[in-house]
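Student: This structure is in structure tokens; I'll ask about it shortly.
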Number of protein chains: 2
Amino acid sequence: MPSYTAPTKDMAFVLHEMLDVTGAEIPGYDELEPDFTSAVLEEAGKIASEVLAPLNQVGDREGCTLENGVVRTPKGFKEAYDQICEGGWPALDLDPDYGGQGMPYVLATAVGEIFVSANMSFNMYTGLTHGAFSAIHTHGTDEQKARWLPNMATGKWSGTMNLTEPHCGTDLGLMRTRAEPRDDGTYRITGTKIFISAGDQDLSENVIHLVLAKAPGGGPGTKGISLFIVPKILVNEDGSLGEPNAVSVGNIEEKMGIHGNATCVMNYDGATGYLLGNLHKGMRAMFTMMNEARIGVGLQGYAQAEVAYQNALAYARERLQGRDVTGAKNPDGPADPLIVHPDIRRSLMDQKSFVEGARAFTLWGAKLIDRAQRAGDADAHGLISLMTPVIKGFQTDKGFEMCVQAQQVFGGHGYIEETGMSQFVRDARITQIYEGANGIQALDLVGRKLALDGGKHVMAFFEMVKGFIKENEGNEALKADFLDPLKAASKDLQAAGMYFMQNGMKNPNAALAGSYDFMHLFGHVCLGLMWGRMAVAAQKGLDAGTGDAAFYKAKLATGRYYMARQLPATALHLKRIESGADPVMGLAEDAF
Amino acid sequence: MPSYTAPTKDMAFVLHEMLDVTGAEIPGYDELEPDFTSAVLEEAGKIASEVLAPLNQVGDREGCTLENGVVRTPKGFKEAYDQICEGGWPALDLDPDYGGQGMPYVLATAVGEIFVSANMSFNMYTGLTHGAFSAIHTHGTDEQKARWLPNMATGKWSGTMNLTEPHCGTDLGLMRTRAEPRDDGTYRITGTKIFISAGDQDLSENVIHLVLAKAPGGGPGTKGISLFIVPKILVNEDGSLGEPNAVSVGNIEEKMGIHGNATCVMNYDGATGYLLGNLHKGMRAMFTMMNEARIGVGLQGYAQAEVAYQNALAYARERLQGRDVTGAKNPDGPADPLIVHPDIRRSLMDQKSFVEGARAFTLWGAKLIDRAQRAGDADAHGLISLMTPVIKGFQTDKGFEMCVQAQQVFGGHGYIEETGMSQFVRDARITQIYEGANGIQALDLVGRKLALDGGKHVMAFFEMVKGFIKENEGNEALKADFLDPLKAASKDLQAAGMYFMQNGMKNPNAALAGSYDFMHLFGHVCLGLMWGRMAVAAQKGLDAGTGDAAFYKAKLATGRYYMARQLPATALHLKRIESGADPVMGLAEDAF
């Protein structure tokens, strides 16, 4: 059975030595003293290892079942859910006015990584509630907030998001679910939604569905879409549960992975819904959930890679096979451990350097969100908007790839379900697909985010990289291994941006044909920047001579690997981008 | 449900226009007239579409079961097996002296692709018999050949290969299965083998296991290993079936994919075995099967990508979502089909250009095998030995990647088992693992094959590329799009080889740390060469003005894509290789 240990030391390094959270002057960050964050992360790690991780394979094997309209989650999920909720974990960063603990998002993100690594399917139940809470919190009336949020904060009620329909995924303009206004101000919701994660379960007393639907008079396409609160069970004026709403689960999908989470077909048969936010402005409200969800999915990508890596590393240390070509390392044993072999080492370093870079990138992004929300910093908001598709698309592609590499370390044993490595791959696969397939993330990045606010945020990012290099140019220890490769990669990114500017206006396909490569190019530069910043922090720690020298040295060695072996991918992505639309569109549609 | 249509036109193009099989002066190739090969491929395609493909999802869902020691294959497999065997398909290229049809391997390979695309799990039953037949044919005595082969050719009996044990996969020197000589010349085989594909089934009357075991006196490590024929049921002198042998199935593994094939734990409890080939030279005999199997697995890699691509293409044509940014292509419909979007087109072109390149490469390799075996050409034998790890490792990595991309085209629907796209991914995943995990292929390539016969074969390959470029340098239509990129890629490959020569002697890890990248670099150059050769053939067809001009133009457009967007990966691989051992080995084992 696979195991999991929270990487709390690596997290503390990012929070305190790279991001310097206590010095960040963001409201609420003064609480994030190392002793406090460590206590929180250690406790989360304990629950993850002892409660959630042991249920991960159970969830995969048992899956969820639908009997007589009732969804059953795998054995043990309910007990774990109660324990997690009683501990207040899902409400860590929620508004204290509605039952949350008011902690910064950056800390909740670190805790989220731990829970997702331990059991991604399980964590989706609380994760979706979190997203629904945020949407109601941002767009709801005071009355709605008072009515729905407190029970969602405690996990007594859960939340979902309902966008997709059988014939429309990305293109929500094709939506058919209708909302007819009633005289009492509520709406009658009718339609079928599919792929609804955590659509129903036996964990919470009620499920608060957020449903996109078309109300009369909104016009065609996405313009006519509104967002509705549609509870599974209607709630009386006094807050007690009333009659069941006309909401039912039509089916639970048979999926490649995340079997522990019930992916439901939801039927709304004239269900009572309450308008959330403005009429016909539902897309905007839904994007509140979506952006949060996209960062959460980007986190899932590397969190799955983290747990897969931990298990691959353990296997590489214990499995004896072959001999080190430079001389036996385990001469008294029948063979040397796998880890002596350079190609196994390459694979482990790929995994390790990606995961640590992605963690830094994600926590850096979480800090931007805190800066935007807690300090009202519009530039931080713009920058994280730009970065959201990169965090989602790049990190899930790479995260999946690293799960596959971790599985590969196990050889044939990795293909057997018992070792759990297949599950990590199958579970991670969904992260590239949901919350906007990664091609859509690339489109969002190139087609929308680059030009956001006149290109201001991408320019700010370039300045940030330039500033970082300049600031550290006297640091000879880092120049060749970190600063020079980052400079080269950043140049590739700028050249790609320039190519789009010069060609995209004449021919949008010239930009769109390179969008996917651009997303990866951007992701690599971001991780390169993070590794640069981690290297500076590690070097500082080493020079101070007070901390764990071996830890800092390992950080530097891992970073060197990323810069030498992963970052140079930017040149390939640029080359592809600069080949333009012709190779991609040269074959006519009917000639395939 | 996914569907499959054999790409017979593409196959004919490779066989006749690129490889010019009838002009190849290889014994038996004179039979390969276009009418004949087309008839064979069309017929194979018919069976594949009508019989095998419809059973593919059945096999995935039902899997194989073990009850009271009896293995049951999924519903319909037995009928399909009988039909395939009655048609003589598995014996297409086997020796006519023992019931085969004596066709060239190149034709059997094309047929193999068709069957593997339609149903990989099913095809493994006959595929393993083929490998076992070859091993007995090559290393058996006349008496053994007469006794075992005819029934294997008809499929009345099947075959397996037994290498792996719980504690030893790649490192066969750790083997524990014992063979004790008996007075009558037979051996008593005792031990447990795992991961035995097609280990047992209810399709054939008998199963002829080829089992590696250690006989006394052979010395330590792989030196002491011999190969034995161990039938499931003993065979009487008159050829009739006798008593059951002491062979049993301990378990069927729960795997990520290929559920239709029974992957067995095999127990040998003093079973009767017959020495095959020379005592203590079992590794050599096993390599006969292994090399054939490795090319077969390389074929599986792209054959799975082919069927996944076909279904992704069909979905991209029919699924309406979003609008072409350059103007609606389906203005009367609610949205345009996915295929109008550049990023979907990129993905489809990735898949298409890989599959067609890999098919050419594999059939080119199959022709080398024919040249080696039928014309006794030692250089051809050396060249295919060099290429075997490239065909296996590169094509299965890319094949898996392309299955993932094909699944991605389906968005959320690709994650649902019903569409069948998940199965292609899960099935393709094993190809990177079995018959030597791809890291082992890379090691074989760099550690053994490059230096084979003093490096003669890799030099011959370089000369071949150079010769091709020189031969066509006057062809202005191909220069910029095909010849120049191939020249650049080939230069990267030579530079990588040079790096290994200069650094590998001092520090083997400098070469081994780059072995995986080298395998991919080599693979890209091979596919680049194949695309060059296909482009020449297509251009010739176009210039002649007699064939299907649209087909030739599509070939050229697809090739241009590969050269512009895939081949440039060679520079990245070279850069990684030239970064040497330090980044890879810089982090000490205990510092992970």
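Student: Quick one: in region B:123-156, which of the residues that are hydrophobic (A, V, I, L, M, F, W, C), in contact (Cβ under 8 Å) with a residue 60 or more places away in the chain and touching a helix residue (DSSP H, G or I) at 6+ places or on another chain (Cβ under 6 Å) is surrounded by the most Cβ atoms within 10 Å (Cβ to Cβ)?
Tutor: The residue in question is B:Ile136.
Student: Could you list, in sequence order, the residues of region A:532-552 that are surrounded by fewer than 18 Cβ atoms within 10 Å (Cβ to Cβ), within 14 Å of another protein chain (Cβ to nearest Cβ) and either in contact with a strand residue (DSSP E or B) (Cβ under 9 Å, 6 or more places away or on another chain) or assigned to a helix (DSSP H, G or I) (or both)?
Tutor: A:Ala549, A:Ala550, A:Phe551
Student: While we're looking at this one, here's another question. Within the group A:Leu348, A:Leu363, which residue is touching a helix residue (DSSP H, G or I) at 6+ places or on another chain (Cβ under 9 Å), open to solvent by less than 10 Å² (accessible area, probe 1.4 Å), under 30 Å from A:Ile26 (Cα atoms) and not assigned by TED's automatic domain parsing to the domain that holds A:Leu19? Break it down into steps so the answer makes sense when it comes.
Tutor: Details: A:Leu348 fails: under 30 Å from A:Ile26 (Cα atoms).
Only one candidate qualifies: A:Leu363.
Student: Among the residues of region A:575-585, count how many are in a helix (DSSP H, G or I) and either open to solvent by less than 20 Å² (accessible area, probe 1.4 Å) or facing chain B (nearest Cβ under 7 Å) (or both).
Tutor: Within region A:575-585, the first condition is being in a helix (DSSP H, G or I), and the residues that meet it are A:575-578, A:581-585.
Right, trim to either open to solvent by less than 20 Å² (accessible area, probe 1.4 Å) or facing chain B (nearest Cβ under 7 Å) (or both) and you get A:575-577, A:581, A:583-585.
Residues in region A:575-585 being in a helix (DSSP H, G or I) and either open to solvent by less than 20 Å² (accessible area, probe 1.4 Å) or facing chain B (nearest Cβ under 7 Å) (or both): 7 in total.
Student: Could you tell me whether region B:321-341 includes any residue that is more than 9 Å from chain A (Cβ to nearest Cβ), crowded, with 20+ Cβ neighbours inside 10 Å, touching a helix residue (DSSP H, G or I) at 6+ places or on another chain (Cβ under 6 Å) and outside any loop (DSSP other than H, G, I, E, B)?
Tutor: yes
Student: OK, next. Which residue out of B:Asp548, B:Asp492 is closer than 30 Å to B:Glu17 by Cβ, at pLDDT 95 or above and out of contact with any helix residue (DSSP H, G or I) (no Cβ under 7 Å at 6 or more places or on another chain)?
Tutor: B:Asp548
Student: Quick test for you: out of B:Pro7, B:Pro90, B:Pro54, B:Pro74, pick the one residue that is crowded, with 16+ Cβ neighbours inside 10 Å and over 16 Å from B:Val116 (Cβ atoms).
Tutor: Result: B:Pro74 is the single residue among B:Pro7, B:Pro90, B:Pro54, B:Pro74 that is crowded, with 16+ Cβ neighbours inside 10 Å and over 16 Å from B:Val116 (Cβ atoms).
Student: Can I ask one more? So, in region B:253-304, of the ones that are of a type in the set (Phe, Trp, Tyr) and at pLDDT 95 or above, which residue ends up farthest from B:Gly365 (Cα to Cα)?
Tutor: B:Tyr268
Student: Please go through region B:80-120 and give me each residue that is under 17 Å from B:Ser134 (Cβ atoms) and among the aliphatic types (A, V, I, L, M), ordered by number.
Tutor: B:Ala91, B:Leu92, B:Leu94, B:Met103, B:Val106, B:Leu107, B:Ala108, B:Val111
Student: Quick check on my filter: what residues within region B:407-444 are in contact with a helix residue (DSSP H, G or I) (Cβ under 6 Å, 6 or more places away or on another chain) and among the hydrophobic types (A, V, I, L, M, F, W, C)?
Tutor: B:Val409, B:Phe410, B:Met421, B:Phe424, B:Val425, B:Ala428, B:Ile430, B:Ile433, B:Ala442, B:Leu443
Student: Check B:Thr362 against each of (1) part of a loop (DSSP other than H, G, I, E, B); (2) more than 9 Å from chain A (Cβ to nearest Cβ); (3) of a type outside the set (A, V, I, L, M, F, W, C) and name the one condition it does not meet.
Tutor: Result: B:Thr362 passes all but (1).
Student: Checking the structure you have, find out if any residue of region B:182-191 is touching a helix residue (DSSP H, G or I) at 6+ places or on another chain (Cβ under 8 Å) and either farther than 15 Å from B:Leu210 by Cβ or free of Cβ contacts under 8 Å to residues at least 24 places away in the same chain (or both).
Tutor: The answer is no; no qualifying residue exists.
Student: Any idea how many residues of region A:397-426 are within 7 Å of chain B (Cβ to nearest Cβ) and at positive phi?
Tutor: Count: 1.
Student: Next question. Restricting to strands (runs of 3 or more DSSP E) lying wholly in region A:59-165: which have 1 or more residues that are under 21 Å from the mean Cα position of the chain (by Cα)?
Tutor: Where strands (runs of 3 or more DSSP E) fall fully within region A:59-165 and carry at least 1 residues being under 21 Å from the mean Cα position of the chain (by Cα), they are A:157-162.
Student: Of B:Glu42, B:Glu17, B:Glu62, B:Glu33, which residue is open to solvent by 20 Å² or more (accessible area, probe 1.4 Å), of a type outside the set (Phe, Trp, Tyr), at pLDDT 95 or above and within 30 Å of B:Tyr415 (Cα to Cα)?
Tutor: When all the criteria are applied, what remains is B:Glu62.
One line per residue, one yes/no per condition, for (1) within 32 Å of the chain's Cα centre (by Cα); (2) free of Cβ contacts under 8 Å to residues at least 24 places away in the same chain; (3) buried (at least 16 other Cβ atoms within 10 Å of the Cβ):
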site	(1), (2), (3)
A:Asn206	yes, no, yes
A:Pro216	no, no, no
A:Phe228	yes, no, yes
A:Lys232	yes, no, yes
A:Asn251	yes, no, no
A:Thr263	yes, no, yes
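Student: Only one of B:Ala451, B:Ala380 is away from chain A (no Cβ under 11 Å), open to solvent by less than 10 Å² (accessible area, probe 1.4 Å), of a type in the set (A, V, I, L, M) and over 29 Å from B:Met349 (Cβ atoms). Can you tell me which?
Tutor: Only one candidate qualifies: B:Ala380.
Student: Is there any pair with a first residue in region A:467-489 that is among the β-branched types (Val, Ile, Thr) and a second that is crowded, with 19+ Cβ neighbours inside 10 Å and in a helix (DSSP H, G or I) whose Cβ atoms are under 7 Å apart and which are 6 or more apart or on different chains, and what are they?
Tutor: Between residues of region A:467-489 that are among the β-branched types (Val, Ile, Thr) and residues that are crowded, with 19+ Cβ neighbours inside 10 Å and in a helix (DSSP H, G or I), the close pairs are A:Ile469/A:Leu483; A:Ile469/A:Leu486.
Student: Being open to solvent by 30 Å² or more (accessible area, probe 1.4 Å) and within 11 Å of chain A (Cβ to nearest Cβ) is the filter here, so list the residues in region B:175-202 that pass it.
Tutor: B:Arg176, B:Phe195
Student: Contact list please: Cβ distance under 6 Å, first residue in region B:559-572 and touching a residue at least 24 places away in the same chain (Cβ under 8 Å) and facing chain A (nearest Cβ under 9 Å), second residue buried (at least 24 other Cβ atoms within 10 Å of the Cβ) and of a type in the set (A, V, I, L, M, F, W, C), pairs at least six apart or on different chains.
Tutor: So the pair list comes out as B:Tyr561/B:Met349; B:Tyr562/B:Trp531; B:Met563/B:Phe482.
Student: To continue, here is another question. Determine whether B:Leu172 is under 24 Å from A:Arg319 (Cα atoms) and within 12 Å of chain A (Cβ to nearest Cβ).
Tutor: So B:Leu172 fits the description; yes.
Table: residues versus (1) assigned by TED's automatic domain parsing to the domain that holds A:Asp543; (2) surrounded by 24 or more Cβ atoms within 10 Å (Cβ to Cβ); (3) at pLDDT 95 or above.
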{"position": "A:Val409", "(1), (2), (3)": "no, yes, yes"}
{"position": "A:Gly412", "(1), (2), (3)": "no, no, yes"}
{"position": "A:Ile416", "(1), (2), (3)": "no, no, yes"}
{"position": "A:Ser422", "(1), (2), (3)": "no, yes, yes"}
{"position": "A:Leu443", "(1), (2), (3)": "no, yes, yes"}
{"position": "A:Phe461", "(1), (2), (3)": "yes, no, yes"}
{"position": "A:Lys466", "(1), (2), (3)": "yes, no, yes"}
{"position": "A:Asn472", "(1), (2), (3)": "yes, no, yes"}
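Student: Return yes when A:Ala316 is within 14 Å of chain B (Cβ to nearest Cβ), touching a helix residue (DSSP H, G or I) at 6+ places or on another chain (Cβ under 6 Å), assigned to a helix (DSSP H, G or I) and aliphatic (A, V, I, L, M) and no when it is not.
Tutor: Criteria met by A:Ala316.
Student: Sort out which residues of region A:276-293 are surrounded by fewer than 24 Cβ atoms within 10 Å (Cβ to Cβ) and either in contact with a Phe, Trp or Tyr (Cβ under 7 Å, 6 or more places away or on another chain) or charged (D, E, K, R) (or both), and write them in order of number.
Tutor: A:Lys281, A:Arg284, A:Glu292
The values are calculated or read from the model by the stated rules, or taken from the named source; none is laboratory data. Computed from a predicted model, the values in this text were never measured in an experiment. Using ideal geometry, Cβ is built from the backbone for each residue, glycine included, and neighbour counts are taken over all protein chains shown. What goes into the accessible areas is simple: the full protein's heavy atoms, side chains included, and nothing from ligands, DNA or RNA. Shrake-Rupley method; radii C 1.70, N 1.55, O 1.52, S 1.80 Å.
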